[in-house]
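Chemist: Can you read through this structure? Questions will come right after.
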Amino acid sequence: MSEASSRVRANYRSGWSWLLVLSVLFVVGFIIFLSSPITLAEDVQPYFTRPVVPEIAGTTTVGQSFVASYPGLQQVSFLVGTNARVNKSPVTFELRDASTQRVLEQTTINPAGLSDNSHLTVQFEPIPDSAGKAYFAWLAAPSAPTGQGITVWADPQPTLSQGRAYIGASPQESELTFRVSYHLMGYQLLTSLVGRLAAGKPGPWGWPGTYLSLAALYLVAIGVVIRWSLPAWPDTLS
C-alpha cells in the first residue's frame, strides 16, 4: 500500500473519530440539559401607563387572571404603587385554580418595605402541571383603612387573550402589570415548546414527534457535513 493511500485511510479514520467525539459530547450535553432544573421568568405585561385599579383596602380586592405557559409555576409578582408612603396593613395574596376556584396558595405580606414602582413578589412551591391551566392571583388588605393601602399598576389596553384584571368579581378591560416565573426541568421545557409549536396545526404538523424527527434529521445532516470537513485536520495539526 502506497504512503499516499495510507495517509488517506488514516485521515478517513481520524475524521470519523472526530465525529464520534463531537457526537458523544453533544449527547452528554443534551442529557445534562434535559435533567437540569431551569428557572424561567416571563414578563406577561411588563409595561404600564397609569394606575387604573383602586386602592387595595377594606372590601376592595384586586386580581388578575392568566394562563400559565409552562409547568412549574412558582412565582407571581405585581408592580405596585404606594403613593410615596409606608403602608403597614398586611396584604393577603391568593392563587386560585380558575376552573375550580380552589385556593392553591395563600400568604400574608408586610407591605412596609415596598416603595413606589417596586415589585410585590410571592414565591411558592412549583406547580408541576401548571402548563396551559388558568389561574387567578388576588390581592386583598381587609384591615387597611382608606388612604393607607397599596395599588397595582395596570395597562388599560389588554394584550392577553386569556387574561384580565379584576376588581372584586368584575372583570376589567385592563391588565395588571405582573410577571410570573417557573421552575422546571429541561425536558419539561422542551416538551412544552414542541407542544406549543404543534398546537392547532393539521395532519402530521400537529404531532410533536414530527418536529423532534426533523430536529434529529437536521442534526444528522450537520454531522455528515462536519464529518466530510474533517479528513484534512490531522495534517493541519501535525
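Chemist: If you check every pair at least six apart or on different chains, which have Cβ atoms under 6 Å apart with a residue in region 212-223 that is closer than 18 Å to Thr191 by Cβ first and a residue that is modelled with pLDDT under 70 and outside any helix (DSSP H, G or I) second?
Modeler: Close Cβ pairs satisfying both conditions: none exist.
Chemist: Right, another one. Out of the residues in region 74-105 that are under 22 Å from the mean Cα position of the chain (by Cα) and not hydrophobic (A, V, I, L, M, F, W, C), state the one that is farthest from Arg179 (Cα to Cα).
Modeler: Ser99
Chemist: Which residue pairs have Cβ atoms under 6 Å apart, sit 6 or more places apart or on different chains, and have a first residue in region 170-190 that is within 15 Å of Gln157 (Cβ to Cβ) and a second that is of a type in the set (Val, Ile, Thr) and at pLDDT below 85?
Modeler: Short answer, once both residue conditions are applied: Ser174/Val52.
Chemist: For region 102-118, enumerate the residues that are modelled with pLDDT under 90 and more than 15 Å from Glu55 (Cβ to Cβ).
Modeler: Ala112, Gly113, Ser115, Asn117, Ser118
The values are calculated or read from the model by the stated rules, or taken from the named source; none is laboratory data. As the structure is a prediction and not an experimental result, all values here were calculated from the model. Note that we place each Cβ from the backbone using ideal geometry, even for glycine, and neighbour counts take in every protein chain shown.
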